[in-house]
Each structure stands twice: as structure tokens, then as C-alpha cells.
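*Asks:* Okay, here's the structure, questions in a sec.
We did not get these values from a lab; they are worked out from the coordinates using the rules stated. All values derive from a computational prediction rather than experimental measurement. Please note: Cβ atoms are built from the backbone with ideal geometry, for glycine as well, and neighbour counts cover all protein chains shown.
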Amino acid sequence: MDLPQVVTRNEWLTARRELLAREKELTRALDGLNADRRRLPMVRVEKDYRFTGPDGEVGLSDLFEGRRQLVLQHFMFDPSWDQGCGSCSAMADDLSEGARAHLAARDTAFAAVSRAPYPKLAAYQQQRGWAFPWYSSYGGDFNYDFHVTLDPAVTPNNYNFRNGDELTAAGQAWLIDYVGEQPGVSAFLRDGDDVFHTYAAYGRGVDVMMHAYRLLDITALGRHEEWEEPKGRLRDAHPADPSFTS
């Protein structure tokens, strides 16, 4: 294995300070990006989306639990499956009750929505030991409208803000005819009785929910995934697998 070079403490401090300068640049750039994210315009949600949860049928505004904002995980769970997506499950594992309490302290709720019928969600949630609110959009348009269930027979596939031509140009032509679930995360804002969609992320954008990745990224061996640099750190590097099952 090609492990990091062994140096003196002073040599390490010199290298660490050089990296710290770059980290601070990135932090400031991220602060600016986050400000621009908050400046994004928003879209009024006009449809009366209906969901099924532990207390029966509810609307999108009910998912806010009386708060101003909602962070929503588009959790991949096809109606034909008996278990949820492994990667989405790993994200849910990273969401502690403490994290939800911290969101609530900032007037923000969290919920997950999947297309599988609610009894399947409830059974899987009990199996995993999760307590966050989880709702089924089974039989509705919600997943299709937010581009996390793809089916060209329903509407032309569009994923991560790319249409068919853009998917082809990005080397993702396979998504054009794809039928099935994809991951995502959305943010909503409530103003009185009105609900607005303010943000959405797909693909690598859902890394925002992968707290374990954030911690692994500060280690010398990283995420243990084949795409990472420098090469040769591990004899058994894994394919990119956010489910942590390989």
C-alpha cells in the first residue's frame, strides 16, 4: 500500500498550514455559494399532493409540522420492493434524532417520501429502527413531478436538471429510457397557507446527507472507493457505494 509519507512534526505542520489556506478559501467559496443558494427564486407548489403516513392521508403542508421550512429526502423505494434503497438507507442512518432536533430549533422539519405503499415503509422503518416522519406518495404524481421516479411512458425523462440531449452529452444516455427510482433531496418554504419549492439536488448533490462521508473525507484512507486519489492507498478499495454494503 502507498501510505502517506512519514515526516517530522514541523514538516507536517508546514504541509498542514498550506492545506489549511486552501481549506479556508474553499470555506469562503462555500459561504458564497450557500448565500447564492438562498438567493434562488422559488416556485409555488400548485398541486394538492397527497401522502399516506401513520395518521392516514395528509397534504404537503402537513409535512412541515407547523414549521417554516421542510427538508425532504426523496427516498428510493419502488412499490415492488420489500426493502428501501441501500444508499438512501445509509443516508437515513446518518440522520439522528439529535439532528432533527437541531433542525427543529431552526424552524425546519425533516421528512422522507417514497413511492412504495405506506405499510411497506412502516415495516422497513421498524426493521431499521428509524423514527423520522416517512410518507408514501403511492398512486400520485409527486415523485414524477420532482423527477425522482423516471418513466418515459409518463413524461420524458429529466434527471439532475438535464433533458435527453443533455444526458447524452454528459455520458448518461442510459437514463433517457430508464424506468425506476432515483435519489434526491428537496427544500420547501411555507408562507402562511402557501408552499414553495426552493431547492433540489440529485446525483452527487445528495452527498449533503452523507455525514459518514464527511468524516471519512478527513482521513488518510478516505472513503475507501476506487475513484479517489491518490491511488494505491488500499488493497481492497470498493466501487463507489453509498450504501456501505460492499
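*Asks:* Select from the range 130-146 the residues that are of a type outside the set (S, T, N, Q) and either under 30 Å from Gly98 (Cα atoms) or without any contact (Cβ under 8 Å) to a residue 12 or more places away in the chain (or both) and list them in ascending order.
*Replies:* Keep residues of the range 130-146 that are of a type outside the set (S, T, N, Q), which gives 130-135, 138-142, 144-146.
Residues satisfying the conditions are Trp130, Ala131, Phe132, Pro133, Trp134, Tyr135, Tyr138, Gly139, Phe142, Tyr144, Phe146.
*Asks:* What are the residue pairs meeting all of these: first residue in the range 99-119, first residue closer than 11 Å to Asp78 by Cα, second residue among the small types (Gly, Ala, Ser) and in a strand (DSSP E or B), Cβ atoms under 6 Å, and 6 or more apart or on different chains?
*Replies:* From residues that are closer than 11 Å to Asp78 by Cα, the pairs are Pro117/Ser136.
*Asks:* When you check Gly184 against the structure, is it over 30 Å from Trp12 (Cα atoms), loosely packed, with under 12 Cβ neighbours inside 10 Å and not basic (Lys, Arg), yes or no?
*Replies:* It is false that Gly184 is over 30 Å from Trp12 (Cα atoms), loosely packed, with under 12 Cβ neighbours inside 10 Å and not basic (Lys, Arg).
*Asks:* Same structure, new question: Across the range 144-190, what is the total count of residues that are farther than 22 Å from Tyr49 by Cβ and among the charged types (D, E, K, R)?
*Replies:* 4
*Asks:* Select, from His224, His197, the only residue that is of a type outside the set (Asp, Glu), touching a His at 6+ places or on another chain (Cβ under 6 Å) and farther than 20 Å from Phe77 by Cα.
*Replies:* Details: His197 fails: touching a His at 6+ places or on another chain (Cβ under 6 Å).
His224 is the lone residue from the list that is of a type outside the set (Asp, Glu), touching a His at 6+ places or on another chain (Cβ under 6 Å) and farther than 20 Å from Phe77 by Cα.
*Asks:* Sticking with this one: Would you tally the residues in the range 162-184 being touching a residue at least 40 places away in the same chain (Cβ under 8 Å) and not in a strand (DSSP E or B)? First the steps, then the outcome.
*Replies:* Filtering the range 162-184 for residues touching a residue at least 40 places away in the same chain (Cβ under 8 Å) gives 180-184.
Within this subset, residues satisfying the condition of being not in a strand (DSSP E or B) are 182-183.
So the count comes out to 2.
*Asks:* Please specify each residue of the range 192-206 satisfying the condition of being in contact (Cβ under 8 Å) with a residue 12 or more places away in the chain, among the charged types (D, E, K, R) and either surrounded by 15 or more Cβ atoms within 10 Å (Cβ to Cβ) or not in a loop (DSSP other than H, G, I, E, B) (or both).
*Replies:* As a first pass, look at the range 192-206 and keep what is in contact (Cβ under 8 Å) with a residue 12 or more places away in the chain: 193-203, 205-206.
This time we only want the ones that are among the charged types (D, E, K, R), so: 193-194.
Hit for the range 192-206 is Asp194, nothing else.
*Asks:* Name every residue in the range 41-64 that is loosely packed, with under 12 Cβ neighbours inside 10 Å and farther than 18 Å from Asn143 by Cβ, in order of residue number.
*Replies:* Scanning the range 41-64 gives Pro41, Arg44, Asp55, Gly56.
*Asks:* Taking the options Leu189, Leu216, name whichever one is surrounded by 15 or more Cβ atoms within 10 Å (Cβ to Cβ) and in contact with a Phe, Trp or Tyr (Cβ under 6 Å, 6 or more places away or on another chain).
*Replies:* Values: Leu216 fails: in contact with a Phe, Trp or Tyr (Cβ under 6 Å, 6 or more places away or on another chain).
That would be Leu189, the only listed residue that is surrounded by 15 or more Cβ atoms within 10 Å (Cβ to Cβ) and in contact with a Phe, Trp or Tyr (Cβ under 6 Å, 6 or more places away or on another chain).
*Asks:* Tell me, which strands (runs of 3 or more DSSP E) lie completely within the range 1-93 with 1 or more residues that are touching a residue at least 24 places away in the same chain (Cβ under 8 Å), touching a helix residue (DSSP H, G or I) at 6+ places or on another chain (Cβ under 7 Å) and closer than 30 Å to Asp193 by Cα? Before you say what the answer is, go through the steps one by one.
*Replies:* Working: elements: 50-53, 56-59, 69-74.
Correct list: 50-53, 69-74.
*Asks:* Could you tell me whether any residue of the range 207-217 is touching a strand residue (DSSP E or B) at 6+ places or on another chain (Cβ under 7 Å) and under 30 Å from Leu3 (Cα atoms)? Step through it out loud before you land on a result.
*Replies:* First pass over the range 207-217, keeping only residues touching a strand residue (DSSP E or B) at 6+ places or on another chain (Cβ under 7 Å): 208-209.
Next, from what is left, pick out any that are under 30 Å from Leu3 (Cα atoms): 208-209.
Yes, the range 207-217 has at least one match.
*Asks:* For Arg106, all conditions in the list (1) farther than 20 Å from Gln83 by Cα; (2) more than 18 Å from the chain's Cα centre (by Cα); (3) surrounded by 15 or more Cβ atoms within 10 Å (Cβ to Cβ); (4) not aromatic (Phe, Trp, Tyr) hold save one; what is the number of the exception?
*Replies:* The failed condition is (3).
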